[in-house]
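Working notes, beginning with the structure itself.
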Amino acid sequence: MPGLVSVQEAHGETTLVVDPARLGEACTYLRDEEGFDMLSDLTPTDYLGWAAKGVAGYIGTPSGRDINHPSSQGLQAMPEPKPKRFSVSYHLLALQAGAPRVRVQVWVDDGEPVPSVVGVWPTADWHEREAYDLMGIPIEGHPNLSRIIMEDDWAGHPLRKDYPIGGEPVRFSGEE
């Protein structure tokens, strides 16, 4: 497969990690040669601070949780570092009975563009616009890369981990 970096098997799903520069070739190959004719979802994920030293989290139990003693359940181990800050995952389906699901994944840093796959799967149009609008992932070659959920003059990308939260005025309150 063009641009294949690695294959990962986890949780009953196959993930094909692809070089971002060859994403279009890889997706065309998967559609034409392997029969993955449907892009069901495109999911960007922000891993800012992943595997950094710090609090693991607060775990709720039947007796409640103690916010003064953060803890985690299961193995006490730091997660593996990620190759770059953002992953963009393309969830593919082949519509034949019993066909496997495949995730194609690319890794990019802040501001690094991902090639558009609208020419491979037209449904990618809205998915890519959403990734740009809410996470700030630039999609290179997209026919209409504009905001799809937030207003055009909205500052920032609200699903990023570095987006400011709290203490901001309510924008749609009628009071300006």
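The values are calculated or read from the model by the stated rules, or taken from the named source; none is laboratory data. Remember, predicted model here, so these are calculated numbers, not experimental data. Here the Cβ positions follow ideal geometry from the backbone for every residue, glycine too, while neighbour counts run over all protein chains shown.
Miscellaneous remarks
Here's the yes/no breakdown for (1) in a loop (DSSP other than H, G, I, E, B); (2) of a type in the set (D, E, K, R):
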position	(1), (2)
106	no, no
118	yes, no
128	no, yes
143	yes, no
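- Residue within the range 80-100 that is touching a His at 6+ places or on another chain (Cβ under 9 Å), at pLDDT below 95 and not in a loop (DSSP other than H, G, I, E, B) present: no
- Each residue in the range 128-156 was checked for being more than 20 Å from residue 39 (Cα to Cα) and of a type in the set (Gly, Ala, Ser), and 4 of them qualify.
- Counting the residues of the range 128-163 that are touching a residue at least 40 places away in the same chain (Cβ under 8 Å) and among the β-branched types (Val, Ile, Thr) gives 1.
Quick grid of which residues meet (1) hydrophobic (A, V, I, L, M, F, W, C); (2) touching a Phe, Trp or Tyr at 6+ places or on another chain (Cβ under 6 Å); (3) without any contact (Cβ under 8 Å) to a residue 24 or more places away in the chain; (4) closer than 13 Å to residue 117 by Cα:
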{"position": "4", "(1), (2), (3), (4)": "yes, no, yes, no"}
{"position": "7", "(1), (2), (3), (4)": "yes, no, yes, no"}
{"position": "11", "(1), (2), (3), (4)": "no, no, yes, no"}
{"position": "14", "(1), (2), (3), (4)": "no, no, no, no"}
